[in-house]
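Note sheet for the following structure.
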Amino acid sequence: MGVEKIKTREEIKELCVKLKAVGLTIVTTNGSYDILHAGHVRMLEEAKKQGDILIVGLNSDKSVQAYKNKDRPIIPEQYRAELLAALECVDYVTLFDETVPMEFIKSVVPDIHVNYAGYGGDCVEKPLLDEIGAKLHLVGDLCDFSTTKIVDKIIKIYSKQN
């Protein structure tokens with residue numbers, strides 16, 4: 001199921017050095033990808049179009065709990081990573097424990113970092129991207145999905161049944 005695509009931070013760092021040495025363009029994006037949905041897939045497919053290799057930084061369970069809440073993620077990190085790795089557009093997945101992706105980005109040193117346009121051109125990653133010479137590519141609204149909206153709908157449906 002693509003588990004060979006799941007790499008540790010050290011493995012991804014070494015791999016990126018080799019990929020850059022042969023002239024490949026490395027693209028990164030990141031997120032928690034809790035309850036994978038069409039918006040995630042569209043974003044990842046758009047990210048892949050920006051270069052040769054797409055590396056997804058996946059917030060670990062610890063990270064998601066720290067920046068969302070203690071009840072999240074719904075899907076454990078191992079399974080979220082496997083789902084992402086199973087996608088054809090994703091070349092590699094690596095987990096990170098931090099609440100922001102800076103250490104992930106430093107380990108990869110991408111040519112291009114892709115982010116949702118809702119975060120804007122002044123997103124938290126921008127200063128680091130400028131420092132390492134990476135381009136920021138923003139992806140606009142791809143659909144009106146979010147894990148929170150999906151969970152809210154499920155709760156609404158099941159609360160009516162009780």
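The values are calculated or read from the model by the stated rules, or taken from the named source; none is laboratory data. Model, not experiment: these values are computed from the prediction. FYI the Cβ positions are ideal-geometry reconstructions off the backbone, even for glycines, and counts take in every protein chain you see.
State which residue is surrounded by the fewest Cβ atoms within 10 Å (Cβ to Cβ) when the search covers only region 124-152 and only residues that are within 15 Å of the chain's Cα centre (by Cα) and outside any strand (DSSP E or B). So that I can check it myself, show each step before the final result.
Going residue by residue through region 124-152, those that are within 15 Å of the chain's Cα centre (by Cα) are 124-125, 136-139, 146-147.
Subset that is outside any strand (DSSP E or B): 124-125, 146-147.
Working: 124: 12, 125: 20, 146: 14, 147: 21.
Among them, the one singled out is 124.
So residue 70 passes all but one of these: (1) of a type in the set (Lys, Arg); (2) loosely packed, with under 15 Cβ neighbours inside 10 Å; (3) modelled with pLDDT of 95 or more. Which condition number does it fail?
(3)
Which residue out of 61, 52 is among the acidic types (Asp, Glu), surrounded by fewer than 18 Cβ atoms within 10 Å (Cβ to Cβ) and touching a residue at least 12 places away in the same chain (Cβ under 8 Å)? Steps first, please.
On the way: 61 fails: surrounded by fewer than 18 Cβ atoms within 10 Å (Cβ to Cβ).
Just one listed residue meets the conditions, 52.
Just to confirm my filter: which helices (runs of 4 or more DSSP H) fall fully inside region 1-75 and include at least 2 residues that are under 14 Å from the mean Cα position of the chain (by Cα)?
Values: elements: 9-21, 38-48, 61-67.
Filter on region 1-75 gives 38-48, 61-67.
Looking at region 106-123 only, could you name the residues that are of a type in the set (A, V, I, L, M), in a helix (DSSP H, G or I) and in contact with a Ser or Thr (Cβ under 9 Å, 6 or more places away or on another chain)?
Pass one, region 106-123, residues of a type in the set (A, V, I, L, M): 108-109, 112, 114, 117.
Still in the list and also in a helix (DSSP H, G or I): 108, 117.
Within region 106-123, 108 is the sole residue that qualifies.
Suppose we filter 151, 100, 90, 109 for residues that are without any contact (Cβ under 8 Å) to a residue 60 or more places away in the chain and among the β-branched types (Val, Ile, Thr); which single one remains? Let's see the steps before the verdict.
Details: 151 fails: without any contact (Cβ under 8 Å) to a residue 60 or more places away in the chain; 90 fails: without any contact (Cβ under 8 Å) to a residue 60 or more places away in the chain; 109 fails: without any contact (Cβ under 8 Å) to a residue 60 or more places away in the chain.
Selected residue: 100, the only one of 151, 100, 90, 109 that is without any contact (Cβ under 8 Å) to a residue 60 or more places away in the chain and among the β-branched types (Val, Ile, Thr).
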